[in-house]
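Notes for the one structure printed next.
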Amino acid sequence: MKKVLTYGTFDLLHHGHIRLLERAKALGDYLVVGVTSDTFDRARGKLNVQQSLMERINNVKRTGLADQIIVEEYEGQKIDDIKRLGIDIFTVGSDWKGHFDYLKEYCQVVYLDRTAGISSTELRCERQEISIGLVGEASSLNKFERESHYVNGANIVGVYAQHTTQFNEAVMHLPIQAHSLDELLDHVDAVYIISNPIYHYEQIRQALSRHKHVLCESPVALSVKQMHELFQMAKDNHCVLMDALRTAHSTAFHRMLLLVKSGIIGDVVTMDAVCTSLLDIEEDKKSDTAKNWNSICSWGPTAMLPIFQLLGTDYREKKIVSRIINEKTLFDSFTKISFIYPHAVASIKVGVGAKSEGQMVISGTKAYIWVPAPWWKMDYFEVKYEDPNENHRFFYQLDGEGIRAEILHFIKMVQNENTLPTIDYQISEGIVKVIEDYYQQKDCVKI
Ligand code: C2G
């Protein structure tokens, strides 16, 4: 029996793929199809895949051409597969001509002519392109603009900055430099908001009322009531409102959560997440309106994310300890929060006026997880045991600090109503609740 092997992403399966599979099958008696995993595609720079691995596998299955389907997960797997499965012929489209000649050492290599005039990229482009406007003035707008170039379907067209103090080059070149949010909304399908959180509620309301999709840096609002109202409004107007927290889009972060949930460190007893970045906050000491984001808004959402994802938002009590440098604006230069759960205690330390080691430790009854600074850009972590010989290290490439994957997820949510948000509603709500309590000085101690 002649065994044939081929690989592909098979995104939005089209007749080019089907013709390839038919001809691959005809080369022998048994066809094995390797479908690329999402992580592998991301690692090889294919970021814009629209369908999930399961959807793509099901589409290949439905063609009835594959006798066996496997998942391609890592660079170099092809050699392993050929040996393991006893493959006689490896085949792939002519767009890869020469690229896989190194496999000739293991089996016959056949390049089949690529079908002209059709590609997943074209099909993806036919799906609507989303024009996005930027709102805010933080330097992150630059990064966001840069990362958007890697995402098919995302087109940044303009910017609206309330205060143009630290306006930055990359966004100065955008065709639309709006003088009001309303003006920007005239030209876009969606907005990315990274203005000071005190303006989020009004800006999101304005965008949603004009049926524009919104990606907004967390927290989306400063009270739970306002947050409910905004999400309800998004639903009623058939718009996406997505809470932006780039850490949630790091593969390492996601894998780490799954490992902890599967019990690798036993029961979680305590967790500590530290996020600091020193800013020039001299003006914020006296100003009546905040210039910078305060500590709790800058870092609180990121630091609370892993705690709420692992221990939930149903803590028994909390204590917020803050060093306040401006009573009027409640500007905290540093805040520590302890969350007390029935069988665990967690803490966050956040600061824009204090510096510390930005690491995260999750301690369990059997072992602990250590994520080195800056843990919020996580690409690496260790599982550490009493006996260091048992320690495990994990690394997953993180491109564009998670922003790239975040934009991609937003675009997918806009294009396909069935794509779920990365951050559960209860978690966004839990984050906003803490920030609301802070502004009402509930469970708070000042130092
Ligand atoms: N293909 C084709 N004609 C097209 C489009 C694609 O013959 N118009 C072929 C490709 O050459 C490939 C297969 O269909 O052999 C799957 O294509 P993709 O889904 O684009 O996958 P690709 O990125 O080419 O992955 O390790 C990955 C594989 O080597 C190939």
### Query
If you line up the long axis of helix 403-415 against the longest principal axis of the chain, both from Cα atoms, how many degrees apart are they, to the nearest 10?
80
### Task
Quote the charge dipole size of segment 358-447 about the Cα centre in Debye, to the nearest 20; the model charges only the Cβ of Lys and Arg (+1) and of Asp and Glu (-1).
140
## Note on the structure
What helix-only [θ] at 222 nm does the chain give? Using -39500 (n - 2.57) per DSSP H run of at least 4, over all residues, to the nearest 500, the answer is -9500 deg cm²/dmol
### Query
What is the fewest-to-most order of 42, 114, 56, 84 by other Cβ atoms lying within 10 Å of their Cβ?
84, 114, 42, 56
### Message
Amide H of residue 36 versus every other amide H placed in the peptide plane: which residues, excluding those fewer than 5 positions away on the same chain, fall under 5 Å?
### Response
8, 9, 72
## Note on the structure
Applied in sequence order to segment 303-320, the curve 6.51 cos²θ - 1.76 cosθ + 1.60 (Karplus, θ = phi - 60°) yields integer Hz couplings, x standing for Gly and Pro, of 5, 6, 3, x, 5, 5, 5, 8, 9, x, 9, 9, 6, 6, 7, 9, 10, 10
### Message
Out of the GluC sites (Glu not before Pro) in segment 332-434, which ones are loop residues according to DSSP with at most 15 other C-beta atoms within 10 Å?
### Response
357, 386, 417
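By counting other Cβ atoms within 10 Å of each Cβ, how are 231, 339 ranked from fewest to most?
231, 339
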### Message
From Cα pairs below 8 angstrom and at least 6 apart in sequence, can you work out the relative contact order of the chain, rounded to a whole percent?
### Response
13
### Query
Tell me which aspartates and glutamates have Cα within less than 17 Å of residue 97's Cα, excluding those fewer than 8 residues away on the same chain?
105, 113
### Query
What does the charge add up to near residue 409, with Lys and Arg as +1, Asp and Glu as -1, over the other residues with Cβ less than 13 Å from its Cβ?
0
### Query
Once phi is turned into ³J(HN,Hα) by the Karplus curve 6.51 cos²θ - 1.76 cosθ + 1.60 with θ = phi - 60°, what whole-Hz value does each residue of segment 27-37 show in order, with x for glycine and proline?
6, x, 10, 9, 10, 9, 10, x, 9, 6, 6
### Note, ³J(HN,Hα) from phi for segment 418-429, Karplus 6.51, -1.76, 1.60, rounded to Hz, x at Gly and Pro
7, 6, 8, x, 6, 9, 4, 4, 4, 6, 4, 5
### Message
Once you order the gyration tensor axes a ≥ b ≥ c over the Cα atoms, which shape class does segment 293-379 get: rounded for a/c under 1.5, otherwise prolate or oblate by comparing a/b with b/c?
### Response
oblate
### Task
Using the structure shown, select from 286/318; 46/355; 143/366; 285/412; 78/366 the pairs with a Cα to Cα distance greater than 31 angstrom.
46/355; 143/366; 285/412; 78/366
### Task
Putting +1 on Lys and Arg Cβ atoms and -1 on Asp and Glu Cβ atoms, find which of 198, 374, 156 reaches farthest to the positive end of the dipole of the chain.
374
### Loop-located trypsin sites (Lys or Arg not before Pro) in segment 368-447, at most 12 other Cβ atoms within 10 Å (DSSP)
442
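A short reminder: the numbers here are calculations on the coordinates, not readings from a lab. Everything numeric in this text was worked out from a predicted model, so none of it was measured. We place every Cβ from the backbone using ideal geometry, glycine too, and count neighbours over all the protein chains shown.
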